[in-house]
Amino acid sequence: MNQEKSTQTPHISVAPMMDWTDRHCRFFLRLIAPNVRLYTEMVTVGALLHGDAERFLRFDESEHPVALQLGGSDADDLARCAEMGQKAGYDEINLNCGCPSDRVQSGRFGACLMREPDHVADCIEAMIKAVDIPVTVKCRIGVDDQDDQQALDEFVGRIADKGCKTFIIHARKAWLKGLSPKENRDIPPLNYERVTAVKKTFPDLEIITNGGIKTVEDIYSLLSPCKRGTLTGNKTDSRFRGKSDKAVDGVMIGREAYSNPYILAEIERKIFGNHDILGREKIAKAMIEYAKNQAARYDTPIKSITRHIIGLYHHQPGAKAWRQALSTLPHKDGAGPEVIEEALSAMKNHRKIAA
Ligand SMILES: Cc1cc2nc3c(=O)[nH]c(=O)nc-3n(C[C@H](O)[C@H](O)[C@H](O)COP(=O)(O)O)c2cc1C
C-alpha cells in the first residue's frame, strides 16, 4: 500500500517501552504533549493472535497519533497483526528489530532480526501489503560483530526497497550475549554519526535518531537544518550552525520522557510553537477524572495509573513529597483516585513549609 512519509513536521516521539508506555501512560503523556507521536509497548504477534487481542490493542482516542509496535518474525502473522492494528485505529505499525532480550531472541525476533535483512524485508513487504497506514522499523546501529556502516546501510536498503519509508534507529549496537536489556541501553556507546550517515545515503527516507536524548538542546543538535528551519522559521539560528553533520528528520525519546515527562511541555513550546499547554496541576486533576473513569469501566486499580505520573513534578519544589505520596498511598487497601489529590496536597504543604 501507499507508504507516505511525513514531510514538514518533525517526528518527535516517545519510545515504545515495555511495561512503561501502556495506555494509561500514553493518555497521561498526551495530556502534556498534543504533537508528539506515541508508541505502544511491544506487543508480540503471539499475544495478539492467541491472547486477549481487544485488551492488548485498547487505547484512548486522545492518544492519536499512536503507533502499535509489533514483535514477531513470521511474515503472515505480522501481516495479520498489522491488519488488526489498523482495524483497531492505530496510525502506524512499527516492527521491533532492536530488542535484545533473551525471550525475544528465543522467538527469533527483536534485535537478532538485524542479521536477517532479507527476511525482515519479506515481513515488511507482507505488512505493507496488508495495511494502508505507514509500516516502520525500529532497529539498532548493529548487533554483536555486525557493527559497520555497510551492514546497517544494507539492512535499511533492503527493507526500504520493499516500500518502508521510516526507520527509527537506536544509535547503539546491541550485544545479544552477555549484556542484559538494561545494560544494552547504557553500555554500548552512542554513535549518532552512524544514523546520520544512513540519512546521507538514503536522503528520501525519514530517519529518526533514538538513544540518550535528554534535553531540547539535544534535539536541536540532531535535527536536520531543513527540519529546524520549519520549526523556527530561522535557519541561521546560532544554535544550529555547524551541526549539519548530525542531520536527521526527527528524534525518539525514551527514558527521559518517562522519568521527566514534563520535558514534553518544553518540546511542545520550543519545537512545535504550542503555547497552549496544560500546567502540572491541571494534568494531575485530569488524571483523577481519568482514573475514576477507568475504575468504573475496567476496575483499574489506581496504582496502575499513578505509577506513570510519579515524575510529573520532577525537579520542582515538593517533588519528593509528591513522589513519596504516590509511591505509598495507591498501594493501601481501598485506595482510589483521591490519592492523586492527597499527593497534590502533600506537595503543596511541602512548598508552604519551605517558603
Ligand atoms: C523499560 C524499557 C522498556 C523498553 N521496551 C521496549 C520495547 O518494548 N520496544 C522497543 O523497541 N524498545 C524498548 N525499549 C527501548 C527504548 O524504546 C529506547 O530505544 C531506549 O530506551 C533508548 O532510548 P532512551 O535513551 O531515550 O531511553 C525499552 C526501554 C526501556 C527503558
Can you tell me how much longer the chain between residue 150 and residue 327 gets when fully stretched, taken as 0.36 nm per residue apart minus their C-alpha distance, in nm with one decimal?
-> 59.0 nm
Which of 87/292; 282/332; 282/348; 214/348; 165/200; 292/320 exceed 18 Å between C-alpha atoms? The answer is 87/292; 282/332; 214/348; 292/320
What ³J(HN,Hα) values, in whole Hz, does the Karplus curve 6.51 cos²θ - 1.76 cosθ + 1.60 give for the stretch 174-182 when θ = phi - 60°, with x put for Gly and Pro?
-> 10, 8, 6, 10, x, 10, 6, x, 5
Highest mean packing first, using Cβ neighbours within 10 angstrom, the peptides 290-298, 54-62 sort as 290-298, 54-62
Run through every distinct alpha carbon pair of the stretch 133-220 and return the Kirkwood hydrodynamic radius in angstroms, one decimal place.
-> 13.5 Å
Rounded to the nearest 10 degrees, what's the angle between the helix 117-130 long axis and the longest principal axis of the chain, both from Cα atoms, 0 to 90?
-> 70 degrees
Calculated from DSSP H runs of 4 or more alone, at -39500 (n - 2.57) each and per residue, what is the 222 nm mean residue ellipticity of the chain, nearest 500?
-> -13000 deg cm²/dmol
May I ask which residue of 353, 31, 84 lies farthest towards the positive end of the charge dipole of the chain, with charges of +1 (Lys, Arg) and -1 (Asp, Glu) on Cβ and the Cα centre as origin?
-> 353
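Run the numbers on the chain and let me know its relative contact order in percent, using alpha-carbon pairs under 8 Å that are six or more apart. Don't skip to the answer; put the middle values down first.
Working: 656 pairs, mean separation 54.6, N = 355.
Taking the mean separation of contacting Cα pairs over the length of the chain, I get 15 percent.
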Per residue of the stretch 206-218, in order, report the coupling 6.51 cos²θ - 1.76 cosθ + 1.60 (Karplus, θ = phi - 60°) as ³J(HN,Hα) in whole Hz, putting x for Gly and Pro.
-> 8, 10, 10, 9, 9, x, x, 8, 10, 9, 5, 4, 4
By the C-alpha gyration tensor axes a ≥ b ≥ c (rounded if a/c is under 1.5, else prolate when a/b exceeds b/c, else oblate), the shape of the stretch 87-128 is oblate
What is the magnitude of the charge dipole of the chain about its Cα centre, with +1 placed on the Cβ of each Lys and Arg, -1 on the Cβ of each Asp and Glu, and no other charges, expressed in debye to the nearest 20?
-> 1420 debye
By average Cβ neighbour count within 10 Å, what is the ranking of 130-142, 187-199, 73-85 from highest down?
-> 130-142, 73-85, 187-199
Note: residue 274 to residue 177 extended length (0.36 nm per residue) minus current alpha-carbon separation gives 30.5 nm
Go ahead and set up a Gaussian network model of the chain, Cα springs under 10 Å, then flag whichever of 286, 121, 67 fluctuates most.
-> 286
With 0.36 nm assigned to each residue of separation and the Cα-Cα distance removed, residue 218 to residue 289 gains 22.1 nm
Set the Förster distance to 30 Å, then compute FRET efficiency between residue 55 and residue 341 from the Cβ-Cβ distance, nearest 0.05.
-> 0.55
Angle in degrees between helix 23-32 and the longest Cα principal axis of the chain, rounded to the nearest 10 | 80 degrees
Bin by bin, in steps of 10 Å, what percent of the Cα pairs in the chain do you find, going until the bin that has the longest distance?
-> 5, 24, 32, 25, 11, 2, 0
Cα axis of helix 338-354 to longest principal axis of the chain: angle in degrees, 0 to 90, nearest 10?
-> 70 degrees
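Sort 33-39, 275-281 for me by packing, meaning the mean count of neighbouring Cβ atoms within 10 Å per residue, highest on top.
In decreasing order of mean packing, 33-39, 275-281 become 33-39, 275-281.
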Put one equal scatterer on each alpha carbon of the stretch 280-354, apply the Debye formula with no solvent term, and list log10 I(q)/I(0) at q = 0.12, 0.17, 0.23, 0.26 1/Å to two decimals.
-> -0.29, -0.57, -0.99, -1.21
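Read-outs throughout are calculated quantities, based only on the coordinates presented, and are distinct from any laboratory measurement. These figures come from a predicted structure and were not determined experimentally. Methodologically, a virtual Cβ is constructed for each residue, glycine included, from the backbone with ideal geometry; neighbour enumeration extends over all protein chains shown.
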